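Scroll down for the structure; my scribbles are underneath it.
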Amino acid sequence: MKPPATPIDTLSNDAANLYKHLHPVLILSLYAYQFSSIVADPVPALTTTLIPLAVLQIAYAAICLPPIGSSNGVGGGEKKKPGERRKAAPGKLEVSFNSKIVPAFLSLISSTLPGIPVLALSLLLFGAPVTTHHAETLLAAAHISFLATLPLVYVHGVDGGRWREIVAAQVHIDEVFGCTLGTLVGAWLGAVPIPLDWDREWQKWPITIVTGAYIGFTVGKVLGGTILKGKTVSFE
Amino acid sequence: MDQGEPLPSFEGLAAAFAKAKAEKEREEASGLRARTGDAAAANKRGEVHFKALHLIVIAFFTFLLILHVLGIYLFATGFLLTRLVLDETSECALPPIDISDVYSPGSAETGCWHPKSFEKAVVILVDALRYDFTVPFQATDSEQAQHFHNALPVLYDTAAKHPHQAFLRPFIADPPTATLQRLKGLTTGTLPTFVDAGSNFAGDAIDEDNLVAQLRNASKRIVHLGDDTWHALWPGYFEPNLTRPYDSFNVWDLHTVDNGVTEHIFPLLHPANTSKWDVIIGHYLGVDHAGHRYGPDHPAMAAKLSQMDEVFHRMIEQIDDSTLLVVMGDHGMDVKGDHGGESDDEIQAALWMYSKQPFFGRTSPDYATPPATAKERPVAQIDLVPTLSLLLGLPIPFNNLGAPIEEAFIGAQGSNYENLANVNRLAAAQIHRYQDAYAQARGLDPSTRASALALWDAANDAWDSIKKSKKSATSDWKTTFSAFSAYQSETLSICRALWARFDIPRMINGVLILVSALIVLGIYARGLDGEHAELTAPLLSIGAAGSVIGLLNGLGLTYLYTSLSLDQALSFGAAFGGIAGVGMGFWYIRRRIILPVPTSIWGWASVIFTLALSAGFAANSWTIWEDEILLHFLATFGVLAVASSFRQKNTIDRALGCYHSILFIVLTRLASFSRLCREEQIPYCKSTYYASATSSTSATWQLAIPYVVAFTLPNLIRSYFKGTRNHQGSAILWLDFALRFGLLLSAAYWTLDAADDGEWYPGYGDEIKTTKRLIAQLTLAIALAFGYSTFSWAKPFLNIETKKKESYESASFVVDDSGTSSITILGYANVHGSRYAILITMWFLAISLVEKPMGAGAIGILTWQIFSLFEIIDTNKLSNTSIGPVVLGLLGSFHYFKTGHQGTLSSIQWESAFIPLQTIRYPWTPFIVVLNTFGAQILCAIAVPAIVLWKQPPKKKSLLSDVAKAVATHVLFYAVINLATTMWTGHLRRHLMLYRIFCPRFMMGAVVLVVVDIVSILIAIGGARTSFLSVAEVFGWSDVGVARTATREREM
């Protein structure tokens, strides 16, 4: 079995350094801005929010993250021996629009196509309504998928072995995997207030889940990029 | 570990093994070492040692059970409300206040305290007569008429058409809405306390002053017909030759009681017989039973109510001028037809009174039509007591808190406020006398009833001023009436608060015991390093000694301080002595104690699941939605298991682990479709457990579920045996034939039951009843009698094969491969697990029978999940962690809800007692009801040892210790839940939702803990003994089950 992937460093050019701090703020602001309309009518509001969310996530991936197969990314197209090249000089990296934006779009497609059905199914298994609220469940899955898996696919690609490690939570925690774990844990915790008898509009399906996912994304990104960086999830 | 050298206690399989080996050896002409004598002695020692250790483990868990029982007992007796019962009685000649200027008291002939209005009374109690059964219903777009609507119009019609002859009002019960409590309330006029709730089916004679006793004192001849609960409450009070009691518990029988009452009541109403009695009490049970059996929205209910309608029509015709006719319900029923709690539907009964002569009046013309809903103008059920007493010329029972009902005293003109003021003064004065006596007996602080006393003085002033002024206007009487009535209602509300009295020291003692027992259990389960079985002995001996010392201390203390109650001192002394003893025991073995803090993600998951669930019981919402929370946690475990499975290096482990984890999640979700919603979950929950939300019978399609289970589940279980080649010997007979046959029988039972319920074959009812009961008994006999014989006498599910050296079986064990052929033990890989698992399938069969068809499906899924869980635990190598036993706890709790139960008293399926039996028989009836109610938890508790036995090598050391550890962890889960619900209930004792939500959940948690304790001791650990003995018979004792001290020391 190959060793787990090394933690990913964000690119270190100025734009990346700026945007990586700006990104969580933008994501949360977007959600906060849309929150009242989501509460008022979840389906259209969640649908329209997906577009700016996708733009922000693609921008984040393209500006801050090393794409799959790049020098300071992890494994991928060409297999490298572990530890073979750890320290490419990122400053010199030519930022080509095509080599960044196109993979980001591809990541969007390849993460959401399997991601949304799998996540929607998981939501159902965790107790989402089966006979009603299908649009809401799908949209919640889409938001979680955009948040949790898009950057992940951008940096890790779709390699089977790598994804087995990801599902097993064996990859090192970094900003990107932190986003994933944070989003999932956040969505999990988002179920907590649903049963409470507070009679608030925002308690309806799936608002708390999506809210939890957004907050979890931010927290996971920050923690994953700082204090948890390089750690692994241990089951033992 | 030596190479599977057979130890010569040869029998059965062992003999086969030896024979095969001997043959092989003969063939290869190699020598066999003979150490028979030595080995036999060692073997015997091993067996004795194992049996002793096993006994100690059993004793230790029994010790824990006692601690739990003592803690729960002390808390429950302090928490469940108590009221001092005064034995004073009211006397005819002694009115509570001076009434010489109004009436001369003392004659039962004309009326004791007030002139009587009726000579005789016929009191009909229609059990569970909900108010909306009696009022007309207009279908609207939003709401369609249900079967119970408009089926009983006579009460409303007479009250609306002849308001002077009859009135109908909502009649509100004080919870708990169980018949026995209600009869007490309806005759004594006092408030019930929760502590009586459990005695519904046992019955106690009433020792407080009450209506029936007053009737008898006045030499009235009382005839009772119907529900025999009355005879438990008033033994010997009724006219023996006219009275006809009927068994009240058989809720499946809709007609026997009702037909009996009707048959005997009408001859008595005949003018020729009216001189034989003074009061008839008729108690109809059909409506209640129709509710329990079918729910209110069912044709059977409509038929029952129409039958009642006809009965009342006839009564109205036959009753004579001097007789009062009263029809009332003692409580209502919820949407499924059950009762016991305090929801609106359960407390809203109906009260109707009728007189041939114009007698009843209304204080306002608006009140001429009966209230359209139970929210308008309700009367309390205790109000019946002073009303009936005064109408029949009896003294008001001493403990009464009710007020006279205005319709009965205002006069037909609706203007006799003088009379109304009079009777309210009498009732208020009696309440005042009672309150004085109560305050004196209990030593109450007068300030608690200062507000009521002020009202009392004001009312008396109003009365005196009327008396002084000679000339009195109606408005003055009205004021006086209101003043006395204000005193009554204020006193009532004070009493309600007062009798929510808790014995805080007792409750704290109980909680202290539970907390300490939890710590002991926690350290024992997760904080001991090394052999549990070996370490149990010192803990137990010092603990037991401590208990005895504590008990004696408690005894001594009660002699020194007589104010201490004996039971409290003894329980607390024994429990704390024991805990202190175990504490010393822990100190003695302190080097073996590690801090029980989780170290792995699995440990943390166990802790988080348990603690999050426990914390949630502090909020009513989370308590209400417990089933969904459990689903969430179980799915979470499944996802963690998927992640963990992906980490497995072995491809087979990875694939199997993933498969079983995903299967586990999917099955959990599948089971979650079986729902029985509690009232608070509506409208966010749709019941699927029965045919409809308002029924308690299964839909026809649901009858197919047990058949599906019967055809699929034995195969599924078999596949878990076949995977390790353990499908051998008795396992074939049991799984393929007995289990399947039993499941088919249980499916047939439920089909016959539906045929009986729906009267598919009219005229064959009795035959069907007899057959279905026989089938049920046969199923239980297969499950438990045949099952236990198989389990006790079966050899381990192994097969010995001698074959040419070619193929290796992963699941088999090759004894010796030095020659040309080898001896292969098929099934070696899972000897312990497969041997023990038979016990799970036996109880699965028994529990399937006693659950409704939907529940049988849930229990089938549960069994499948249990086996899946074994595989998850095995492939992820988690048998040593706490997650297995904790997930079994979650599973048990989850499927409790999936088998049609809720954390409410009304969800107890009492009727399950009649699945195998026609009448109540101890101890079988409670056994069946417990098996039905806690079937899921019981099955999971039985499965716990298999978590650590599954696919363990036969000679693995210290398996008994592993079993003890796993069982302790499982019990720990329930102990935490119990402690949490206990503490929250104690803490929230003034919460609005106490009786609806927190108290039932506390009772459930406590009962589940005790049940799981008992099941763990008797069935799980007890069964493990059988399983170990059987395996050791083949593989020898030296290593099985326990590691002997000597062996371990050598290794160290």
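The values are calculated or read from the model by the stated rules, or taken from the named source; none is laboratory data. Predicted model only: the values in this text are computed from it and were never measured. Backbone-built Cβ (ideal geometry, glycine too); neighbour counts: all protein chains shown.
Okay, here's what the table says:
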read-out: Residue within segment B:481-488 that is surrounded by 13 or more Cβ atoms within 10 Å (Cβ to Cβ), in contact with a helix residue (DSSP H, G or I) (Cβ under 8 Å, 6 or more places away or on another chain) and without any contact (Cβ under 8 Å) to a residue 40 or more places away in the chain present; value: yes
read-out: Entirely in segment B:209-274, the helices (runs of 4 or more DSSP H) that have 2 or more residues that are within 30 Å of B:Glu91 (Cα to Cα), in contact (Cβ under 8 Å) with a residue 60 or more places away in the chain and touching a helix residue (DSSP H, G or I) at 6+ places or on another chain (Cβ under 8 Å); value: B:211-217
read-out: Residue count, segment A:148-191 (criterion: at pLDDT 90 or above, under 18 Å from A:Ile109 (Cβ atoms) and outside any helix (DSSP H, G or I)); value: 1
read-out: Residue within segment B:1003-1020 that is of a type in the set (Ser, Thr, Tyr) and either closer than 30 Å to B:Phe870 by Cα or surrounded by 24 or more Cβ atoms within 10 Å (Cβ to Cβ) (or both) present; value: yes
read-out: Matching residues, segment B:634-660, being facing another protein chain (nearest Cβ under 9 Å) and of a type in the set (Ser, Thr, Tyr); value: B:Thr636, B:Ser644, B:Ser645
read-out: All positions within segment B:296-334 that are part of a helix (DSSP H, G or I), touching a His at 6+ places or on another chain (Cβ under 6 Å) and either among the hydroxyl-bearing types (Ser, Thr, Tyr) or buried (at least 24 other Cβ atoms within 10 Å of the Cβ) (or both); value: B:Met301
read-out: Hits in segment B:612-626 (condition: in a helix (DSSP H, G or I) and without any contact (Cβ under 8 Å) to a residue 40 or more places away in the chain); value: B:Ala612, B:Gly616, B:Ser621, B:Trp622
read-out: Scan of segment B:346-360 for residues that are in a loop (DSSP other than H, G, I, E, B) and crowded, with 23+ Cβ neighbours inside 10 Å, ordered by number; value: B:Phe360
read-out: Flag if A:His156 is surrounded by 24 or more Cβ atoms within 10 Å (Cβ to Cβ), in contact with a Lys or Arg (Cβ under 7 Å, 6 or more places away or on another chain) and more than 14 Å from chain B (Cβ to nearest Cβ); value: yes
read-out: Segment B:925-944 - residue that is polar (S, T, N, Q) and at pLDDT 95 or above and, of those, nearest to the chain's Cα centre (by Cα); value: B:Thr933
read-out: Pick from segment A:160-175, criterion without any contact (Cβ under 8 Å) to a residue 40 or more places away in the chain and facing chain B (nearest Cβ under 8 Å), ranking: nearest to B:Arg647 (Cα to Cα); value: A:Ala168
read-out: Test set (1) crowded, with 17+ Cβ neighbours inside 10 Å; (2) within 14 Å of chain A (Cβ to nearest Cβ) - B:Tyr689 fails condition number; value: (2)
read-out: Positions within segment B:862-883 being aliphatic (A, V, I, L, M) and either within 23 Å of the chain's Cα centre (by Cα) or surrounded by fewer than 24 Cβ atoms within 10 Å (Cβ to Cβ) (or both), in sequence order; value: B:Leu862, B:Leu878
read-out: Residue in segment B:540-563 that is touching a Ser or Thr at 6+ places or on another chain (Cβ under 8 Å) and surrounded by 20 or more Cβ atoms within 10 Å (Cβ to Cβ) present; value: yes
read-out: Leading residue by the ranking (surrounded by the most Cβ atoms within 10 Å (Cβ to Cβ)) among those in segment A:128-147 that are of a type in the set (S, T, N, Q) and assigned to a loop (DSSP other than H, G, I, E, B); value: A:Thr132
read-out: Yes/no for A:Ala187 being away from chain B (no Cβ under 14 Å), more than 22 Å from B:Gln648 (Cα to Cα) and crowded, with 24+ Cβ neighbours inside 10 Å; value: no
read-out: Given (1) farther than 23 Å from B:Glu109 by Cα; (2) out of contact with any strand residue (DSSP E or B) (no Cβ under 9 Å at 6 or more places or on another chain); (3) surrounded by fewer than 24 Cβ atoms within 10 Å (Cβ to Cβ), index of the condition B:Gly411 fails; value: (1)
read-out: Identity of the residue in segment A:195-236, surrounded by 15 or more Cβ atoms within 10 Å (Cβ to Cβ) and of a type in the set (Gly, Ala, Ser), that ends up farthest from the other protein chains (Cβ to nearest Cβ); value: A:Gly225
read-out: Considering residues of segment A:17-42 that are among the hydrophobic types (A, V, I, L, M, F, W, C) and either out of contact with any Leu (no Cβ under 8 Å at 6 or more places or on another chain) or exposed (fewer than 14 other Cβ atoms within 10 Å of the Cβ) (or both) only, the residue nearest to the other protein chains (Cβ to nearest Cβ); value: A:Val39
read-out: Restricting segment A:111-127 to residues that are without any contact (Cβ under 8 Å) to a residue 40 or more places away in the chain and within 14 Å of chain B (Cβ to nearest Cβ), the residue that is surrounded by the fewest Cβ atoms within 10 Å (Cβ to Cβ); value: A:Val118
read-out: Residue count, segment B:556-606 (criterion: under 27 Å from B:Glu531 (Cα atoms), assigned to a helix (DSSP H, G or I) and in contact (Cβ under 8 Å) with a residue 24 or more places away in the chain); value: 19
read-out: Residues of segment B:911-952 classified as in contact with a His (Cβ under 8 Å, 6 or more places away or on another chain), over 22 Å from B:Gly857 (Cα atoms) and not in a loop (DSSP other than H, G, I, E, B), total; value: 1
read-out: Inter-residue pairs, beta-carbon under 7 Å, first of a type in the set (S, T, N, Q) and in segment B:939-956, second outside any helix (DSSP H, G or I), 6+ apart; value: none
read-out: Counted residues, segment B:606-617 - those being under 22 Å from the mean Cα position of the chain (by Cα), more than 12 Å from every other protein chain (Cβ to nearest Cβ) and either surrounded by fewer than 21 Cβ atoms within 10 Å (Cβ to Cβ) or among the basic types (Lys, Arg) (or both); value: 1
read-out: Any chance B:Thr751 is within 20 Å of B:Gln918 (Cβ to Cβ), touching a residue at least 24 places away in the same chain (Cβ under 8 Å), not basic (Lys, Arg) and not assigned by TED's automatic domain parsing to the domain that holds B:Pro299; value: yes
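Residue by residue, here is whether (1) aliphatic (A, V, I, L, M); (2) free of Cβ contacts under 8 Å to residues at least 24 places away in the same chain; (3) farther than 17 Å from B:Asn150 by Cα; (4) touching a strand residue (DSSP E or B) at 6+ places or on another chain (Cβ under 6 Å) holds:
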| site | (1), (2), (3), (4) |
| --- | --- |
| B:Glu310 | no, yes, no, no |
| B:Arg314 | no, no, yes, no |
| B:Glu342 | no, no, yes, no |
| B:Ala349 | yes, no, no, yes |
| B:Asp366 | no, yes, yes, no |
| B:Thr369 | no, no, no, no |
